[in-house]
Each structure stands twice: as structure tokens, then as C-alpha cells.
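Data block below; observations after.
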Amino acid sequence: MNDQAASFSDLPAGVADKHPLLWLNPHYDAREDARHMAYDQRQAEARFARCAGLLQAVFPELQATAGQLISPLVPIPKLRDALQVTRAAGHWMLKRDDALPVAGSIKARGGFHEVLSLVERIGLEAGLLTESTDRRVLAEPAARAVLGRHTLAVGSTGNLGLGIGMIGAGLGLQAVVHMSADAKEWKKQRLRDRGIQVVEHQGDYAAAVAAGRAIADADPMVHFVDDEHSEALFLGYAAAARELVDQLQAAGRVVDAKHPLFVYLPCGVGGAPGGVLYGLKRLLGAHVHGFFVEPTASPCMLVQLACGLQRPVSVYDIGLDNRTEADGLAVGLASPLVAPLMQSLLSGIFTVDETQFYADAWRLEDTEGIYVEPSAATGLHGPGQVLDTPQGQVYLQRHGLELLLHDATHVIWSTGGSLVPESIREGFRQRGRQAAGMA
């Protein structure tokens with residue numbers, strides 16, 4: 001008991017009371033570029049490249065990108081001005097994974113990669129493929145008959161299930177998504193409409209994952225996509241780093257010692273933001289400054305990193321209820337795969353309450369004409385946290401960034417929203433307009 005209490009003493013004041021704040025990671029090492037760490041996203045980049053023809057054949061939505069999973073990177077100067085952040089705010093851009101084809105969220109990146117790695121393995125074991133075979137053969141009837149004997153299972157609050165279920169069904173696999181009973185009904189229905197089985201469980205996200213994992217463990221023909229531990233998911237997210245770097249170069253945004261890059265990433269269990277930041281660190285090293293954002297009710301990565309990595313610590317352990325409208329971020333316990341990797345790579349974490357992210361989602365649509373779901377708007381608060389708060393000033397001074405802010409680039413990762421039904425969007429808009437008058 002005393003050891004647990006001692007670990008909680010490192011939590012920043014206000015976390016347990018749901019106060020929005022910026023926490024600076026005391027173990028962040030600007031010199032750490034992750035290149036000696038175990039994972040190399042070039043594996044995922046190579047898999048996406050050799051499977052591009054297969055994806056193009058299966059998904060008409062990917063014809064325009066020749067089978068590549070790519071989202072736009074767009075400037076958002078009107079939002080920057082509307083939020084009235086410091087005049088040294090630099091150049092703001094939105095990485096629009098809300099507009100990713102097929103699955104409409106960042107979860108498609110990890111999900112597609114894991115499923116592609118699975119179907120390649122099945123194809124090789126069944127003699128359908130060699131290492132050099134064109135992967136489009138996996139879209140042919142003989143291959144689909146083999147793949148159809150296998151089942152994908154995943155525990156999800158929605159977006160990962162959509163990504164896994166849609167690519168799995170597209171390639172001929174059976175798909176089962178385990179969800180908490182209180183997950184968004186429209187997401188459950190969208191899955192069912194695509195022939196994907198939804199199994200509801202009492203409890204939260206972690207309970208759904210545990211139940212799905214146990215069922216899959218009992219059947220060798222079921223592959224469980226484990227959001228908490230999956231290296232394949234992590235590498236799929238990490239592969240997005242090369243895409244972003246190429247887009248920044250195409251937009252004329254230099255990233256070097258005089259032109260820092262700040263990236264703001266919504267965080268649930270940690271796989272998607274952790275993978276993206278890991279990939280960026282391997283490519284850009286000290287020139288990229290990564291911040292996660294979590295709901296005030298569900299700051300699982302903050303709690304884990306602040307309390308140390310000696311044992312798992314959940315938001316429930318500090319008295320939080322893990323109840324938030326940002327359902328994709330409603331996670332009580334951080335990924336044990338990702339948290340240790342972030343210990344030296346992550347600059348900090350800020351927390352956002354419901355009023356703020358609903359208001360910011362509305363402001364984004366009002367100023368830039370871009371709709372994102374509320375959980376995907378949490379990162380919009382990031383630049384202001386770094387540029388205009390006392391903790392942010394500490395970070396900028398500590399790393400010698402104060403005189404470089406005019407030339408800095410701020411990339412806010414928008415993680416989902418294009419699949420939200422219009423009737424649901426309108427409800428979000430109404431709440432956002434009301435919140436904008438309060439935030």
C-alpha cells in the first residue's frame with residue numbers, strides 16, 4: 001500500500017480531480033531517436049508497398065492512390081487565428097486521418113497492416129504465395145476460399161473494429177468485433193450493416209478486449225488483434241511517419257534544428273499515437289516534439305508514465321471513472337508495449353475536458369469547413385498548451401525553442417470522423433456551439 005501511495009505522489013496536481021493540464025515528461029530525452037530500439041517501421045512500409053495492388057483490387061476507394069493508404073495534410077490558419085494563440089504560433093496543419101479511405105480513422109493504419117501480415121502468412125503457409133508472388137492473387141476465388149476459413153477478432157470501442165472488420169471482410173475473412181455494451185450504437189450498427197459480427201460485453205474497453213482474447217485463444221482458426229500488445233498494429237501506425245515527412249517536404253515545410261516540428265496526437269490505449277511518434281523520432285530525431293492528448297477522465301498514458309513502469313497503473317486506481325464522450329479515448333490502462341517506448345520519446349501529455357473538445361470541433365468546422373468527431377478534435381488544443389501556458393513555457397525554454405517559434409510547424413492529428421452519420425454529426429454540432437460559448 002505504501003509503495004502504491006508513493007508512486008501516486010509523482011502524479012501532477014489536479015489529475016485525479018479532472019483538471020485540464022499539461023504534464024511534462026521528466027524522462028524525455030531529446031537525443032533519443034529510437035533507432036536502437038527493437039521495431040523498424042520499414043517492415044510495414046515494405047508490406048504496404050507490396051500489397052498496394054491487392055488493396056487497390058479489393059477497395060475501389062483506393063484507386064486514386066494506387067492502393068496506398070494516405071490522408072491529406074492541410075493548413076488550418078483560420079482556426080489558428082480563431083483560437084487566438086500567441087503571435088509566434090508558427091504554421092498549423094491538420095493531418096486528416098478522419099478522411100482516410102475505407103475505414104475513416106487512424107485505426108485503419110494499424111488494422112490494415114496487421115490484417116495484411118496475417119493474410120500473407122496464411123497465403124504462404126497454404127502455398128498460395130511465395131515471397132515474390134504478386135499479392136493480388138489473394139483477391140482471387142481460390143485464395144478467398146482459404147481465407148474464409150479464418151476469423152479475425154478484435155476488442156474495440158468502434159474505430160479499430162471498423163478498420164479491422166472492413167479490411168477483413170474485404171479480403172474474405174470472417175470478422176468479429178467485441179465491444180463494451182455502452183459503445184456508440186451507430187458504430188455497432190455500421191459494423192453489422194457490413195456483415196461483421198458484434199459481440200457486446202458488460203464493462204469497459206479493457207473488459208471487451210479480455211473477453212475477445214479469451215474466446216480467440218480457444219480456437220486456432222481465430223486471430224485476435226490485440227490493441228494492447230500488437231507489434232503489427234504498432235508498426236502500421238509507425239509507417240505513417242514517412243508519409244507525413246514526405247507531405248511536409250512537398251508543402252515546403254522544413255524540419256531541422258531551426259525549424260522544429262510539434263505533433264499533437266490523441267491517445268487512447270497508446271498504439272496509434274505511440275507508433276506515429278516512434279516513427280517520426282526515427283526519421284527526425286530531436287527536431288520533432290511529440291505531445292499526446294487525453295480526456296480528463298481517461299489519462300491512462302499520463303498516469304502510467306507519471307507513476308513509473310514498475311507495474312500497471314490504471315485511471316481507476318487514482319479514482320477516475322474513465323467515462324468520456326471521446327469513446328475512442330476511453331481507456332483505463334495504457335498499452336504495456338507502448339508505454340515503455342514512450343518513456344524517453346514523449347515530450348508530454350495534456351488533458352482536455354468535454355467542453356473544450358466539443359467547442360474545438362465546432363470551431364474547426366466553422367472556420368475551416370472540416371468536420372471531425374469530438375474525440376478527433378482533442379489535439380486542436382495542443383499548440384495553445386505548449387505556446388501559452390506556464391508549463392509550455394518551461395518546455396520551450398528547457399529546449400531552446402523560444403526564438404524558433406515563428407518558423408515552427410504544428411501538426412495536429414485528426415483521428416476520425418468521416419463515417420459519423422449526419423444525424424449524429426448534427427447533435428455534436430449543437431453541443432459544440434453551446435460549448436464554444438463556455439470554453
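The values are calculated or read from the model by the stated rules, or taken from the named source; none is laboratory data. Quick caveat, the model's predicted, so the values are computed rather than measured. Here the Cβ positions follow ideal geometry from the backbone for every residue, glycine too, while neighbour counts run over all protein chains shown.
You will find that of 5, 89, 44, the residue that is small (Gly, Ala, Ser), modelled with pLDDT under 95 and buried (at least 19 other Cβ atoms within 10 Å of the Cβ) is 89 and no other. Only one of the numbered conditions (1) at positive phi; (2) in a helix (DSSP H, G or I) is not met by residue 195, and that is (2).
Every residue, every condition in (1) small (Gly, Ala, Ser); (2) free of Cβ contacts under 8 Å to residues at least 12 places away in the same chain; (3) part of a helix (DSSP H, G or I), yes or no:
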position	(1), (2), (3)
249	no, yes, yes
264	no, no, no
277	no, no, yes
284	no, no, yes
289	no, no, no
325	no, no, no
328	yes, no, yes
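On the stretch given as the stretch 417-438, residues that are surrounded by fewer than 16 Cβ atoms within 10 Å (Cβ to Cβ) and either on the phi > 0 side of the Ramachandran plot or part of a loop (DSSP other than H, G, I, E, B) (or both) total 3.
Which of the residues spanning the stretch 143-163 are farther than 20 Å from residue 417 by Cα, of a type outside the set (Gly, Ala, Ser) and touching a residue at least 60 places away in the same chain (Cβ under 8 Å)? Answer for the stretch 143-163, where residues must be farther than 20 Å from residue 417 by Cα, of a type outside the set (Gly, Ala, Ser) and touching a residue at least 60 places away in the same chain (Cβ under 8 Å): 149, 150, 151, 152, 154. In summary, helices (runs of 4 or more DSSP H) completely within the stretch 106-182 and bearing 2 or more residues that are surrounded by fewer than 20 Cβ atoms within 10 Å (Cβ to Cβ) and modelled with pLDDT of 90 or more occur at 107-125, 141-147.
Just one of the numbered conditions (1) in contact (Cβ under 8 Å) with a residue 24 or more places away in the chain; (2) surrounded by fewer than 21 Cβ atoms within 10 Å (Cβ to Cβ) is not true of residue 333: (2). Scanning the stretch 291-322 for residues that are surrounded by fewer than 24 Cβ atoms within 10 Å (Cβ to Cβ) and in a helix (DSSP H, G or I) yields 306, 307, 316, 317, 318.
When you look at residue 197, is it over 30 Å from residue 428 (Cβ atoms) and more than 15 Å from the chain's Cα centre (by Cα), yes or no? No; evaluated as a whole, the condition is false for this residue.
If I go through the stretch 225-244 residue by residue, how many of them are closer than 23 Å to residue 174 by Cα, acidic (Asp, Glu) and surrounded by fewer than 21 Cβ atoms within 10 Å (Cβ to Cβ)? Here the count works out to 1.
Checking each residue in the stretch 21-45 for being more than 23 Å from residue 257 (Cβ to Cβ), of a type outside the set (Asp, Glu) and not in a loop (DSSP other than H, G, I, E, B) picks out 22, 23, 42, 43, 44.
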